[in-house]
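The values are calculated or read from the model by the stated rules, or taken from the named source; none is laboratory data. Remember, predicted model here, so these are calculated numbers, not experimental data. Positions of Cβ are generated from backbone atoms using ideal geometry, with glycine treated the same way; all protein chains shown enter the neighbour counts.
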Amino acid sequence: MRQTMIVSILIVGFWMTLSERITFESVAFGLAVNFIIYLLCKEFKIPADDKKVLNISSVSKYLVYLCLLIREIITSNIQVAKIVLSPRITISPTIFTYETKLKSQFHRAVLANSITLTPGTLTMELQNNVLTIHCLREEYAEGVINSKLEKILLEIEE
């Protein structure tokens, strides 16, 4: 219950930060949305192996992960833009499976979503620790296999 109250206060605080003016109506609306979010999410259960996903020492690693992900997204955007804007389409679509070393379901989902966020790649399926990935070009598969993103997530899991 205490954790729910803390999260609720943070959500309302975030809402008030985004509000142009703090009025009774905006606070009431923020509280109503907060209550709806609570009702929708109260049944979600975190698997036992994922309960300690976030701790003080891992926050800096998550920030490094986020910066690296943003860099990968920007780099991939440029590569895909070059493909799209070039007069000759030089794609060689490929689908492959990749077995991740990540143990946590949460981190597997983070990796799968990060691959999907990166232009030119798409995670089609995640079964246990096997990802099925579609790439716009075959060489993009090498980038997924030798991913620094997975290495950072592995460090966080330790």
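Given the conditions (1) surrounded by 12 or more Cβ atoms within 10 Å (Cβ to Cβ); (2) part of a loop (DSSP other than H, G, I, E, B), report the number of the one that T75 does not fulfil.
Just one mismatch for T75, condition (2).
How about the range 122-142: which of its residues are under 21 Å from Y62 (Cβ atoms) and either in contact with a Gly (Cβ under 6 Å, 6 or more places away or on another chain) or of a type outside the set (A, V, I, L, M, F, W, C) (or both)?
Of the residues in the range 122-142, the ones under 21 Å from Y62 (Cβ atoms) are 123, 126, 129, 131.
Passing the criteria: T123, N129.
Could you identify the single residue in N128, N146 that is assigned by TED's automatic domain parsing to the domain that holds T75 and at pLDDT below 85?
On inspection, the qualifying residue turns out to be N146.
Which residue is nearest to K42 (Cα to Cα), if the candidates are limited to the range 8-18 and must be of a type in the set (A, V, I, L, M) and surrounded by 14 or more Cβ atoms within 10 Å (Cβ to Cβ)?
The residue in question is I11.
Testing D50 on (1) acidic (D, E); (2) at pLDDT below 85; (3) out of contact with any Phe, Trp or Tyr (no Cβ under 7 Å at 6 or more places or on another chain), one condition comes back false. Which one is that?
Single failed check for D50: (3).
Going residue by residue through the range 99-120, is there one that turns out to be surrounded by fewer than 13 Cβ atoms within 10 Å (Cβ to Cβ) and among the β-branched types (V, I, T)?
no
What single numbered condition from (1) touching a helix residue (DSSP H, G or I) at 6+ places or on another chain (Cβ under 8 Å); (2) surrounded by fewer than 11 Cβ atoms within 10 Å (Cβ to Cβ) fails to hold for K82?
Just one mismatch for K82, condition (1).
If you go through the range 138-158 one residue at a time, do you hit one that is in a strand (DSSP E or B) and out of contact with any Pro (no Cβ under 8 Å at 6 or more places or on another chain)?
Of the residues in the range 138-158, the ones in a strand (DSSP E or B) are none.
No.
Within the range 83-97, is there a residue that is β-branched (V, I, T), assigned to a helix (DSSP H, G or I) and more than 12 Å from I156 (Cβ to Cβ)? Break it down stepwise before answering.
Step one: filter the range 83-97 for residues β-branched (V, I, T), giving 83-84, 89-91, 94-95, 97.
In the following step, the residues that additionally are assigned to a helix (DSSP H, G or I) were identified as 83-84.
Then drop every residue that is not more than 12 Å from I156 (Cβ to Cβ), which leaves 83-84.
Taking every residue of the range 83-97 in turn, at least one turns out to be β-branched (V, I, T), assigned to a helix (DSSP H, G or I) and more than 12 Å from I156 (Cβ to Cβ).
Six or more apart or on different chains, Cβ under 8 Å: which pairs go from a residue in the range 19-38 that's not assigned by TED's automatic domain parsing to the domain that holds I9 and exposed (fewer than 14 other Cβ atoms within 10 Å of the Cβ) to one that's of a type outside the set (A, V, I, L, M, F, W, C) and outside any helix (DSSP H, G or I)? Could you list them?
Hits for this filter: zero, empty list.
Against the definition (out of contact with any strand residue (DSSP E or B) (no Cβ under 6 Å at 6 or more places or on another chain) and of a type in the set (A, V, I, L, M)), how does I70 come out, yes or no?
On the way: out of contact with any strand residue (DSSP E or B) (no Cβ under 6 Å at 6 or more places or on another chain): yes; of a type in the set (A, V, I, L, M): yes.
Yes.
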